[in-house]
Amino acid sequence: MTEPIRSIDRLLAPQSIALIGASDQPDSLGTAFTRQLLESEFPGNIHLVNRERNQVFGRDCLRDVGELPPGIDLAMIMTPWASVAEITERLARRHCAGAVVVGIATETGWPWASRASLLKRLQRQVSRSELRLIGPASQGITLSHSGLNLSLCPALPPPGGIGFVSTSGAVSGVMADWAAQRGIGMSALISLGDELDVDIADCLNWFARDPDTRAVLVHVEQLGNARRLMSAARTLGFRKPLVVLKPQEAGRAPGDAAAALSDAVHHAAFLRAGMLQARDLEEFCAAANVDLPAWPHAGSRFFIAGNGSALGALAADAVIQSGGTLAQPSADTVKALKVLMPARSAVSNPLDLMRDAGPRRYAAATAALADDADTDVVLLLHHPTSFSSGSQIAEALEPVARGQALVLAAFAGAEQQHARRILSERGIAAFPTPEAAVRAYGLNRRHYRQKVELTQTPPPLLRWPSVDAADISRLVVKLGTDPQKLGTALLASIGVDLHWNPDRRGESPRLGLRSHASLGPYAIAESAGRQHIECLPLDRLRADRLLERGWGTSTADADLRATLQSHLLQMAELMVERSEIMRMELEGVHLISGGEIEAHLEFEWKSEAGRASSAFATYPWNLALPLQLADGQQALLRAVRAEDEPALQEGFTQLSPEEVRMRFLYPLKSLTHDLAARLTQLDYDREIALVLADLEPPGQAKLFGVVRASFEPDLGRAEFAIVIPRQLAGQGLGTRLMMHIIELTRTAGMGQIYGDTLPENKAMRALARKLGFHEELKDHLIRLTLSL
């Protein structure tokens, strides 16, 4: 269900640092690291290690790693290739929490065979110890809030809320320099290199918990363990904006249809995981200047104002081309603007503030436009003149209050970089061109639409998907792997009545399930030049979206769409159940009499080598357990599904204010969609919620109680919560639900389960004592803990 995650907290928040290979020689890799660390204001302990020197930069050195005190948080290894494995092994024996191996991939004189041997040795070492390793071939890390630049990047960005991680040293260097030059604040910048141990998923898990990080940028070259990456991204994406940049495979192979399809599957996976995909490096860098958590998302009505008409016209073109509109100011706004403008000046959009516009006119116009209820975004333009400098104008502008229009700035010209930095420090996103500003706001709008779509509630299931594993095995034994016989029989076993017509081979519309080499199974719909992809598993919402966006509303009539929607869910369950199915695709699909589908079926089965598993956790059908309530009613204890959201909200309305306070530890008037979605749209690798429900399918079923466990694998524990309404009290349901969640937590490999409750919640405390929990007073709450 989940896998252990070894913590990188000490590595990325060190209290003690060792530089192994510290130097002050001009040709040494360690010189820059040593100088930057010694010049920083790092308050912790610093240990320099150089086997040939007693002092570096006038500071005493240790001669050997064995002289280091035990329990160092972070070791930077900057020594020749041949010594890395031994140093790492000795650090592990001294209980070092983490190490960064810098730059060894470029070392000359070492053949690839030796490099591969060393990587295998390092892999064995870290797998047997608690030491976490970044690299090899890392460019290092920067921790801006600690004032630490332990990297080959010469510039340290100012402290801020942007986290960044990449395997590429080049992209890491570009991002660090870009942010430092523009005053864009960063929390941490991590260059992973070879990802031998610490990978992007580890870093996303850390950023999700880091209070200094508000948004994250991630550059991905290879997915590695796709399931781990998507799980970490989804967890982070629910809490903070996450922007991803991945090189396009099709860009390296123009005209390659397979590469283009792989790119499309990656894009679908990123959407599913809550990641906003940047189109290129320019947009990726711009994302660092977009305060996604704070920017409003009300609309895209722009009001453009600047000291000239030419830039205004270009900005207006950019707004229209992006799908935005030009705002129409209210009468009050027009009146306020006329007071500011020279006599006989027109008030229009774009607004020419005139060439002589100074700080006072800019500030007053900005305030008036930001107050206009019909404006969503104020875009301020400025080009250099001899009247007022951009820096003077920037210093006169103040961030707008919440509820006002968003203010962006495009101060054009290389010499205006200082002005743009002042604006950034004042909380006003500043760009070198109007087009860049409009594009950045488009990124913001795209993020908002994706987030809304990601948390939509799927319609109720009309029936339980049913895939009989034993029946499938019997069919395989009976029919062998002949694609026509086995494919048709498997579809029939899940209720898909197919008339196979080979004459429809290659025709549209097409609907199918395929497998990606790293992301596993996905669904694809194609027709008349359209294409849409959804990663498995599917629900009714995603099945509808697949048909609508892949076929369009005119291609499939209502009856065919309804039939295929039901069939799609069954086919997806079959694909997930049997990893031998590589492809199951219907071509030239149409509906004939009696609900039968006619199409050509492309079916591929590989017994000897299964495909990659799904990059997203599938529904745990195996947890379903029939139960009988005290009144004789039959119920089902099962994992929650996204379709259960309305029933969960309805159940909340049946709780008394006191029951709500006991469960949530504070008064809560309603269970909003956002919160209910968080409680029902689960990553089953990280969290499980068991609902006691009637026998109807999810979305139609009534819920009687809920118990959940949120796994914290880096700490080896899980947090539980339980709700049993008062109407069902006294039936022993609390005990039964708790026993099930305890066993699931134990099976997941956790060593402890805990929960917090109010001191006055006597029923919960009594139940916990009965099950062997230990009580402890913690921050005015009772912490209930059970060792597993």
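Scattering from the C-alpha atoms of the stretch 469-605 alone, worked out with Debye: what is log10 I(q)/I(0) at q = 0.09, 0.17, 0.22 1/Å?
Values returned for q = 0.09, 0.17, 0.22 Å⁻¹ are -0.23, -0.87, -1.51.
Determine ³J(HN,Hα), in whole Hz, for all residues of the stretch 437-453 in sequence, where each value follows from phi through the Karplus function 6.51 cos²θ - 1.76 cosθ + 1.60 and θ = phi - 60°; x replaces Gly and Pro.
Once θ is set to phi - 60°, the couplings for the stretch 437-453 become 5, 5, 5, 5, 5, x, 4, 4, 5, 5, 4, 5, 5, 4, 5, 4, 5 Hz.
Using amide H atoms built 1.01 Å from N in the peptide plane, name the residues 5+ places from Leu48, or on other chains, whose amide H lies under 5 Å from its own.
Leu19, Leu62
Excluding Ala310 itself, what net charge comes from residues whose Cβ is under 15 Å from its Cβ, given Lys and Arg +1 and Asp and Glu -1?
Working: positive: Arg355; negative: Asp317, Asp352, Glu435.
Value of the local net charge: -2.
Order these by the 10 Å Cβ neighbour count, fewest first: Phe652, Phe411. Let's see the in-between values first.
Details: Phe652 22, Phe411 27.
Exposure proxy ranking, most exposed first: Phe652, Phe411.
I'd like to compare 564-577, 708-721, 766-779: which one has the highest average count of other Cβ atoms within 10 Å, and what's the full order after that? All intermediate terms of the calculation are to be shown ahead of the outcome.
Values: 564-577: 22.1, 708-721: 19.6, 766-779: 13.5.
Per-residue Cβ counts within 10 Å, averaged per peptide and sorted highest first, yield 564-577, 708-721, 766-779.
Using only Cα atoms, locate the centre of the stretch 72-91 and the centre of the stretch 715-780, then give the distance between them in Å, rounded to an integer.
For the stretch 72-91 versus the stretch 715-780, the Cα centre distance is 44 Å.
Please list 3J(HN,Hα) in residue order for the stretch 343-351, calculated via the Karplus relation 6.51 cos²θ - 1.76 cosθ + 1.60 where θ = phi - 60°; whole Hz, with x for glycine and proline.
Here the 3J(HN,Hα) series is 4, 6, 7, 7, 9, 9, 10, x, 9 Hz.
Can you find, among Trp621, Leu668, Ile742, the residue sitting farthest towards the positive end of the charge dipole of the stretch 621-787, where Lys and Arg contribute +1 and Asp and Glu -1 at Cβ?
Ile742
For the pair Ala763 and Glu743, how long in nm is the line joining their label points, each one 7 Å along Cα→Cβ?
2.4
(1) 200, 69, 49; (2) 82, 78, 65; (3) 117, 68, 56: which one is Cα extents along the principal axes in Å as calculated from this entry?
Identified label for the calculated read-out: (2).
Go through Lys478/Lys606; Lys240/Lys702; Lys669/Lys702 and tell me which ones have a Cα-Cα distance over 24 Å in this structure. Mind showing how you got there, number by number?
Working: Lys478/Lys606 16 Å; Lys240/Lys702 32 Å; Lys669/Lys702 21 Å.
Correct reply: Lys240/Lys702.
If neighbour count is taken as other Cβ atoms inside 10 Å, put Asp73, Asp503, Asp694, Asp539 in order from fewest to most.
Details: Asp73 19, Asp503 9, Asp694 15, Asp539 24.
The order, fewest Cβ neighbours first, is Asp503, Asp694, Asp73, Asp539.
Once you charge only the Cβ atoms, +1 for Lys and Arg and -1 for Asp and Glu, what is the size of the charge dipole of the stretch 1-138 about its Cα centre, to the nearest 20 debye?
Numbers: 16 positive and 15 negative charges, 105 e Å.
Computed charge dipole of the stretch 1-138: roughly 500 debye.
Give the residue from Ser386, Asn349, Gly312 lying farthest towards the positive end of the charge dipole for the stretch 295-397; charges sit on Cβ (+1 for Lys and Arg, -1 for Asp and Glu) and the dipole is referred to the Cα centre.
Farthest towards the positive end: Ser386.
With θ set to phi - 60° and the Karplus curve 6.51 cos²θ - 1.76 cosθ + 1.60, what are the ³J(HN,Hα) couplings of the stretch 127-134 in order, to the nearest whole Hz, using x for Gly and Pro?
Values, residue by residue: 6, 9, 10, 8, 5, 9, 10, 9 Hz.
Just how far, in whole angstrom, is the stretch 509-533 from the stretch 212-285 if you go by their alpha carbon centroids?
Each part reduced to its Cα centre gives a spacing of 18 Å.
In nm, what is the difference between 0.36 nm times the number of residues separating Ala343 and Asp64 and their Cα-Cα distance?
On the way: separation 279, 0.36 × 279 = 100.44 nm, distance 7.83 nm.
Additional length available on full extension: 92.6 nm.
Residues with beta-carbon under 9 Å from that of Ala22, excluding Ala22: net charge, scoring Lys, Arg +1 and Asp, Glu -1? Don't skip to the answer; put the middle values down first.
Values: positive: Arg53, Arg59; negative: Asp24.
Taking every Cβ under 9 Å from that of Ala22, the sum is +1.
State to the nearest 20 debye the size of the charge dipole of the chain about its Cα centre, where the only charges are +1 on K and R beta carbons and -1 on D and E beta carbons.
Using only the charged Cβ atoms, the result is roughly 1040 debye.
Taking neighbour counts of Cβ atoms within 10 Å as a proxy for exposure, in what order, fewest first, do Trp295, Trp551, Trp500, Trp464 appear? Can you show the working numbers first?
On the way: Trp295 20, Trp551 25, Trp500 17, Trp464 13.
Ascending Cβ contact count within 10 Å gives the list Trp464, Trp500, Trp295, Trp551.
Along the positive direction of the dipole of the chain (beta-carbon charges: Lys, Arg +1; Asp, Glu -1; about the Cα centre), which of Leu733, Gly103, Leu538 reaches farthest?
Checking the options against the dipole of the chain, the answer is Leu733.
If a/c stays under 1.5 just call it rounded; otherwise compare a/b with b/c (prolate if a/b is bigger, oblate if not). Do that for the stretch 621-787, with a ≥ b ≥ c from the square roots of the Cα gyration tensor eigenvalues. Intermediate results must be reported in sequence, preceding the final value.
On the way: a/c = 1.36, a/b = 1.22, b/c = 1.11.
Rounded, because the longest to shortest axis ratio a/c is under 1.5.
With contacts defined as alpha carbon pairs under 8 Å and 6 or more residues apart, what's the relative contact order of the chain in percent?
RCO, the chain: 8 percent.
Quick note: the coordinates plus some simple rules give every number you see, no bench work behind them. None of the values given here were measured: they were computed from a predicted structure. Please note: Cβ atoms are built from the backbone with ideal geometry, for glycine as well, and neighbour counts cover all protein chains shown.
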